[in-house]
Each structure stands twice: as structure tokens, then as C-alpha cells.
Amino acid sequence: MKVTSFSPNLMVKSVNKSIEFYCNILGFSLLQTVPENGEFDWGMAKKDDFFIMFQKEESLKQEYPELESKISGGALTFYMKIEDIQEFYNKIHSHTNISHKMHKTFYGADEFAITDPDGFILVFSDTFL
């Protein structure tokens, strides 16, 4: 098997708020939404070669009934290697919830973490293990 793409589809309370956060704060570009206007049930955004999808909680639970007892957010972190980490940190730190300030890890990376509107933890690092 050859994996040609791997994109998370996050269960969120509000696709509109998630898209606003990822595009306006983190610099992603909006690719598509369903519906095209109004309150979205689903959306996809892109940053460089990384794609992320957001699906409204009710919609995703209807599609996958086994998720009925699950809540959005949760025990999941996204670890992203980025360039110019200090510049990016300086740009966004006053516009979002910083869960871990910039620090040097035990493995020598500069890292910080934020929490998105649905509680997902996004870790930014200048090194990928």
C-alpha cells in the first residue's frame, strides 16, 4: 500500500469558527465548504502541503453513528514542523490560547503549543523527531 495523502477530518462545534481560526490566525487557505455559504457542515483548508478538514459534530455523527458518544476536541495533538518558529510565535501569541509557551525541549527542539476553538492541541516545532 502506498499512502498518497493523510488528512484529518476534525469533528467540530462550528466549521465556520474553525475555518476562521485556521485561516485568519494560522494562515491556512480555504479550499472548499459545504454548503458554499452560510453555516457550513464541512470545510477544507490547506497550508503548504498539509490539508485539514472540519465537519460539524451533528453531520459527522450522522455519517458515523459509532461517534455518537464522542465529543469534539479531545485526547489528540497535532505536531507540526515549521520554519521561522519564533517569528510565527510572535505573530500569533496574542491572538490565540497558548497552552505551552515557547521552550526548548529535552530533545533540543524549540516548541510551543496552542489550543484551537474545539480543544485540539496544535504543537509547533522547529524540529521533527
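Each helix, a run of at least 4 DSSP H residues, gives -39500 (n - 2.57); summed and divided by the residues of the chain, these come to -4000 deg cm²/dmol at 222 nm. Among Tyr22, Tyr89, Tyr64, a tally of other beta-carbon atoms within 10 Å of each Cβ gives an order, fewest to most, of Tyr64, Tyr89, Tyr22. Computed from backbone phi with θ = phi - 60° and the Karplus coefficients 6.51, -1.76 and 1.60, the 3J(HN,Hα) list for segment 11-17 is 7, 10, 6, 9, 4, 4, 5 Hz; x is used for glycine and proline. Of all lysines in the structure, the ones whose alpha carbon falls short of 17 Å from that of Lys91, not counting any fewer than 8 places away in one chain, are Lys47, Lys81, Lys101.
The dipole here belongs to segment 23-77: it is taken about the Cα centre, uses +1 on the Cβ of Lys and Arg and -1 on the Cβ of Asp and Glu, and is about 200 debye. Under 19 Å from the Cα of Lys13, which lysines turn up, not counting those fewer than eight places away in the same chain? Excluding near neighbours in sequence, the set is Lys56, Lys61, Lys70.
Taking θ as phi - 60° and the Karplus parameters 6.51, -1.76 and 1.60, the scalar couplings of segment 38-52 work out to x, 7, 7, 8, 8, x, 10, 10, 9, 9, 6, 9, 10, 10, 9 Hz in sequence order, x denoting glycine and proline.
Neighbours of Val15, meaning other residues whose beta-carbon lies under 12 angstrom from its beta-carbon, give a summed charge of -3 when Lys and Arg score +1 and Asp and Glu score -1. This model, with +1 at the C-beta of Lys and Arg and -1 at the C-beta of Asp and Glu, gives the chain a dipole about its Cα centre of some 220 debye.
Annotation: amide H-H contacts under 5 Å for Phe78 (H modelled 1.01 Å from N, sequence separation of 5 or more, or interchain): Ile121, Leu122, Val123. Ranked for footprinting exposure by Cβ neighbours inside 10 Å, fewest first, Ser125, Ser18, Ser29 give Ser29, Ser125, Ser18.
List the GluC sites (Glu not before Pro) within segment 52-129 that fall in a DSSP loop (any state other than H, G, I, E or B) and whose Cβ has at most 15 other Cβ atoms within 10 Å. Qualifying residues, ordered by number: Glu68, Glu83. The residues Lys17, Lys2, Lys104, when put in order of fewest to most other Cβ atoms within 10 Å, stand as Lys2, Lys104, Lys17.
Where a number appears in this text, it was derived from the coordinates with a stated rule and is not lab data. None of the values given here were measured: they were computed from a predicted structure. Positions of Cβ are generated from backbone atoms using ideal geometry, with glycine treated the same way; all protein chains shown enter the neighbour counts.
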